[in-house]
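Structure, as structure tokens:
Every read-out reported here was derived from the displayed coordinates using simple, explicitly stated rules and does not represent laboratory data. Please read all numbers here as calculations on a predicted model, not as lab measurements. No Cβ is skipped: glycine too gets one built from the backbone with ideal geometry, and neighbour counts run over all protein chains shown.
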Amino acid sequence: MTTTRFAPSPTGWIHIGNLRAALFNHAIARKAGGTFILRIDDTDRERSKEEYVEGLQEDLRWLGIDWDRMERQSLRLARYDAEKARLAAEGRIYECFETPLELDLKRRKLLGMGRPPVYDRAALELAEDEKDRLRAERGSHWRFRLDGRRIDWEDGILGPVSIDTASVSDPVIVKNDGQYLYSFASAVDDTDMGITDIVRGADHVTNTAAQIEMIAALGGAVPRFAHHSLLTGPDGEGLSKRHGALSIRDLRAQGLEPMAVVSLMARLGSSEPVELRRTMAEVVAGFDVATFGTSPTRFDPDDLRPLTAHAVAAKDYADVAGAIRAAGVPDALAPAFWAAVRENLATMADIAPWWVVLAQGGVGVAEDADREMAATALTLLPAPPYGPETWAEWAAAVKQATGRKGRGLFMPLRRLVTGRDQGPDMATLMPLVQVKPSLA
């Protein structure tokens, strides 16, 4: 059975870059009828916060991403301890004592000699009494001993990848303070949980060879890997705060639609066109990780705005009835109101302002050149209620009285009723107007 996972660290709010990994792994599992696991990487006791765990779940649910079960690495420490002890006994992991400064000096020396900055495994040469002394003096960390061989895999996006583990340092798996690092905890979890497919960012490619060796040492089956390109801003630079709000909760706060976000991210960077989907099931059905390219993918938050407007307009009345009622629209007028305004909403938050215009009267505005014409128009407009024919009859009367026509006629009348230059078809809108407009 296909089993995937999304393993975020709860050290901040989930952002648009994290979302790609969550969405891709979710889609692969759902399309195959498999299992999707939400795995919280909370071994960093200092930085992990419960509010971020709760916020993560809330954001994923808002997007329509569900999971079959949730795991927490902080509850699996005994399992990591057991595997650490076993691998230590087998000589696959070893204790090291260098300080960060000493390691940095070693790296600098190797680079100065034109050699790759690979850890020299000096700790393996220490006598037991020397280890005891260093352990008492400064503590220790643990590394996984790589085989130093070439690891090949067929990446679901990158194609054939080959990395010689002799060219990379033995990865640290336990820090000086006892914290298990992602590389080891993830390998244990992927093995225990039967993960079959892993999609993640291209910045993890160099980690994959070491992870494959770890999974093999743990007795697990190596998953299929796919590494998607990293997102950049519209200027081609790495995403940063200067590109705008990028956390999912910030996008929510802006009123963007979840299906707009998901529809864009499920196709951005692929050879397939971005198409607005109405449901997560449609997104999953049209998802294919093999269509994604290797080049950095440009993400412009502004692309979510037209998609959001289309998503709002595509909603059925049943989907918005609650929001319309909350805006104060009487139930008898609600279906007609939605039909009138749906194509003119940037977000769902625009519902209430439109009802204010209709229920309380828009602040009628007129340019100086139109004020006389507007005053005449108001004398020709009766008090509500208005019907489907009111707009045409009123416009005809104003045309006859003022000689105005075309844009010079219809734009001032629209401004007079709504206070806006753009909006719904006025013939459809007029029957919803509850108060005769007045000129500011």
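Can you tell me the dipole magnitude for the chain around its Cα centre, using point charges on the Cβ only (Lys, Arg +1; Asp, Glu -1), in Debye to the nearest 20?
On the way: 54 positive and 63 negative charges, 148 e Å.
Here the size comes out at about 720 debye.
Please give me the summed charge of the neighbours of P100: other residues whose Cβ is under 12 Å from its Cβ, Lys and Arg +1, Asp and Glu -1.
That sum, taken over residues with Cβ under 12 Å, equals +1.
Show me, for the range 155-161, the HN-Hα J-couplings you get by feeding each phi into the Karplus relation (A = 6.51, B = -1.76, C = 1.60, θ = phi - 60°), rounded to Hz, glycine and proline as x.
Karplus values, whole Hz, x for Gly and Pro: 7, x, 10, 7, x, x, 10.
Sort out for me the Cα centre separation of the range 104-160 from the range 1-62, rounded to whole Å.
30
In nm, to one decimal, how far is the D132 label point from the H204 one, both placed 7 Å along Cα→Cβ?
4.2
Quick check: residue separation of E54 and A369 times 0.36 nm, minus the Cα distance between them. What number comes out in nm?
On the way: separation 315, 0.36 × 315 = 113.40 nm, distance 5.70 nm.
Once the chain is fully extended between E54 and A369, it gains 107.7 nm.
Say each of L439 and W13 gets a label point 7 Å from the Cα, pointing the same way as Cα to Cβ; how far apart are those two points in nm?
Simple spin-label model gives 4.7 nm for this pair.
Which residue fluctuates the most in the chain, going by a Gaussian network model with Cα springs under 10 Å, if the choices are G387, G269, G293?
Residue with maximal mean-square fluctuation among G387, G269, G293: G387.
Work out, step by step, the length gained on full extension between L111 and E343: first 0.36 nm times the residue separation, then minus their alpha carbon distance; give nm to one decimal.
Full extension of this stretch gives 77.4 nm more.
With both partners inside the chain, how many of the DSSP beta bridges are antiparallel, as a percent to the nearest 5?
50
Out of residues 5 or more away from T3 or on other chains, whose amide H comes under 5 Å of its own, with H placed 1.01 Å from N in the peptide plane?
The list, which skips near neighbours in sequence, is T35, T196, D197.
Going 7 Å from the Cα of K405 along its beta-carbon direction, which residues of the range 359-389 have the amide nitrogen within less than 12 Å of the resulting point?
Answer for the range 359-389: none.
Quick one: among D155, D192, D319, which has the greatest mean-square fluctuation in a GNM of the chain with alpha-carbon springs under 10 angstrom?
Of D155, D192, D319, the Gaussian network model singles out D319 as fluctuating most.
How much length would be gained if the chain were fully extended between A396 and T99, taking 0.36 nm per residue of separation minus their Cα-Cα distance, in nm to one decimal?
Taking 0.36 nm per residue and subtracting the Cα distance, the gain is 98.3 nm.
Using only the alpha carbons of the range 93-223, determine the length spanned along each of the three principal axes and report them from longest to shortest in whole angstroms.
For the range 93-223, the Cα spread along each principal axis is 46, 36, 22 Å.
Separation between the D120 and R150 pseudo-spin-labels, each 7 Å from Cα along Cα→Cβ, expressed in nm?
Label-label distance for D120 and R150, simple model: 2.9 nm.
Can you classify the range 234-313 as rounded, prolate or oblate using the Cα gyration tensor, where a ≥ b ≥ c are the square roots of its eigenvalues, rounded means a/c under 1.5, and otherwise it's prolate if a/b beats b/c and oblate if not?
oblate
When the chain is modelled as a GNM with alpha-carbon springs shorter than 10 Å, which of V320, V199, V261 fluctuates the most?
Maximum among the listed residues: V320.
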